[in-house]
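Read the figures in this text as sums done on the coordinates, not as results from a lab. Please read these numbers as outputs of a predicted model, since none were measured by experiment. Positions of Cβ are generated from backbone atoms using ideal geometry, with glycine treated the same way; all protein chains shown enter the neighbour counts.
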Amino acid sequence: MPRADKEKLRSYLNHKMRVLCSDGRTFAGIFKCVDSHKNLVLSDTTEARDGFQRHVGMIMVPGEHIKRVLVENLEYV
């Protein structure tokens, strides 16, 4: 990963993030880290699927299942 991309990703640490997965689920939580396989860790996370929501806490989303990542706002949490 190019240095500029790493710095941009690092700037989103502790920001609210929404992750859309290939199986239709959406996770919304606070971005904590990413590894070299593009696995994301979110804390205080809510899972949404088929109109239902549930709190799931801290999760790791496998990079291979991520379709899109959105930073909800740029307010630091």
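Using Cβ point charges alone (K and R +1, D and E -1), the dipole size of segment 3-71 about the Cα centre works out to roughly 220 debye. Going from the fewest other Cβ atoms within 10 Å to the most, the residues Ser36, Ser43, Ser11 appear in the order Ser36, Ser11, Ser43.
Relative contact order of segment 3-71, taken over Cα pairs closer than 8 Å and 6 or more residues apart, is 31 percent. Centre-to-centre, using Cα atoms only, segment 3-19 and segment 38-56 are separated by 18 Å. When the Cα gyration tensor is reduced to axis lengths a ≥ b ≥ c, the ratio a/c is 1.5 or higher for segment 12-77, and with a/b not above b/c it is classed as oblate.
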